[in-house]
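Worksheet for the structure shown next.
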Amino acid sequence: MEKKEARIREIIAGEKKISMVTCYDYSFASSLNESDVDIILVGDSMANVCLGLSDTKEVTVPEMISHTLAVAKGAPDKIIVADMPYAGCQKKNSQPLETAKKLIRAGADAIKVEWFRGCKKVIKNLINNDILVMGHIGLTPQTIHLLGGHKIQGKDKSSVDGLIKQAKQLERLGAFSIVLECMRKDAAKEITDVLEIPTIGIGAGKHCTGQVLVLYDLLGLYPGKMKFVRRFLDLSVQVKNAVNSFNQEVKRETFPSEGESF
Ligand code: KIV
């Protein structure tokens, strides 16, 4: 854990852009462990890409814990940030500190907390308990209903001023970095410029200190594509082709071969 904290400080202090991708399972985590990516995020976007749900609010605390365990097992050398799920901090009777401690015990090195009305109290409590916190502002899916849906943030001066205020508050509280989601690139630049801590953007342009993408988006595994996503692979086509080859070989009785039999 101390080694990981030192690595986080190194990344923050570094001159290079930071890369972060989401991950939710052991097998992909094992691949990412061999990659050069800086940070893995066990995101509550698993609601969408793994569970087929439309709302990230539906992810439960036990689900977040179990996926964090799997990712930590697969990627022991990487910095792992786990999302604080809605159920762990915004739902009635939720216990944010207990949830964060469980995620840390599952293998997370830090917890990402989305901006919401009571987030400062939660973040302060986590930091006072020696838990590293990544903030998240802009288009925050857990409170999307308060933002009028999936809308680009930072479109006018008052919106940008509001985002800058949130970012500064998070920095003052002790967050070690902040995700900026879906906002105009000049707004993200202004925010990045006023902060000492790094910003990690998704749909926030090139001026952020780093970039994050949902793994299934960058691999081309998730149907539908947002403007800000670049598919570095078309894995869904490759998966279909591979499974069709398997199906054909089964039908032709050429799989399994002698060499694949006991
Ligand atoms: O859950 C997630 O994937 C995220 C990213 C969009 C940053 O929070």
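The values are calculated or read from the model by the stated rules, or taken from the named source; none is laboratory data. Nothing here was measured: the structure is a model prediction, and the numbers come from that model. Quick reminder, even Gly has a Cβ in these numbers, built from the backbone with ideal geometry, and neighbours come from all protein chains shown. To get the accessible areas, we keep the full protein, side chains included, count just its heavy atoms, and leave off ligands, DNA and RNA. Shrake-Rupley method; radii C 1.70, N 1.55, O 1.52, S 1.80 Å.
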Checklist line | Protection proxy ranking of 124-137, 238-251, 169-182 - average other beta-carbon atoms within 10 Å, highest first | finding: 169-182, 124-137, 238-251
Note to self: Can you tell me what percent of all Cα-Cα pairs in the range 120-200 are more than 14 Å apart?
What the structure shows: 60
Margin query: I'd like the carbon and sulfur percentage of the solvent accessible area for the chain, probe radius 1.4 Å, heavy atoms only, ligands and nucleic acids excluded.
Written below: 52
Checklist line | Coarse-grained scattering of the range 26-147 at q = 0.13, 0.14, 0.17 Å⁻¹, given as base-10 log I(q)/I(0) from a Debye sum over alpha-carbon atoms | finding: -0.47, -0.55, -0.81
Notebook entry, point to check: Taking only protein heavy atoms and a 1.4 Å probe, what accessible area per residue, in Å², does the chain have with all protein chains in place?
Noted result: 54
Margin query: I'm a student and want to see the number: the projected area of the Cα convex hull of the chain, averaged over all directions, in nm².
Written below: 16.0
Next item on the list: Take the chain, connect every pair of alpha-carbon atoms lying under 10 Å apart with a spring to form a Gaussian network, then pick out the residue of G148, G74, G118 with the largest mean-square fluctuation.
Entry: G148
Notebook entry, point to check: Suppose R0 equals 51 Å; then what is the FRET efficiency for N125 and E260 from their Cβ-Cβ distance, rounded to the nearest 0.05?
Noted result: 0.40
Notebook entry, point to check: So how far, in whole Å, is the C-alpha centre of the range 196-262 from the one of the range 111-147?
Noted result: 30
Margin query: Using 0.36 nm times the number of residues separating S236 and H150, minus their current alpha carbon distance, what extension gain do you get?
Written below: 28.4 nm
Note to self: I'd like to know which of A100, I137, G52 lies farthest towards the positive end of the charge dipole of the range 2-231, counting +1 on Cβ of Lys and Arg and -1 on Cβ of Asp and Glu.
What the structure shows: I137
Next item on the list: Could you run the Karplus curve 6.51 cos²θ - 1.76 cosθ + 1.60 with θ = phi - 60° over the range 134-148 and give me ³J(HN,Hα) per residue in whole Hz, x for Gly and Pro?
Entry: 9, x, 7, 10, x, 7, 9, x, 5, 10, 4, 5, 7, 9, x
Item checked: Point-charge dipole on Cβ atoms (K/R +1, D/E -1) for the chain, about Cα centre, debye to 20 -> 1000
Checklist line | Most to least packed among 203-213, 80-90, 8-18 [average Cβ atoms within 10 Å] | finding: 80-90, 203-213, 8-18
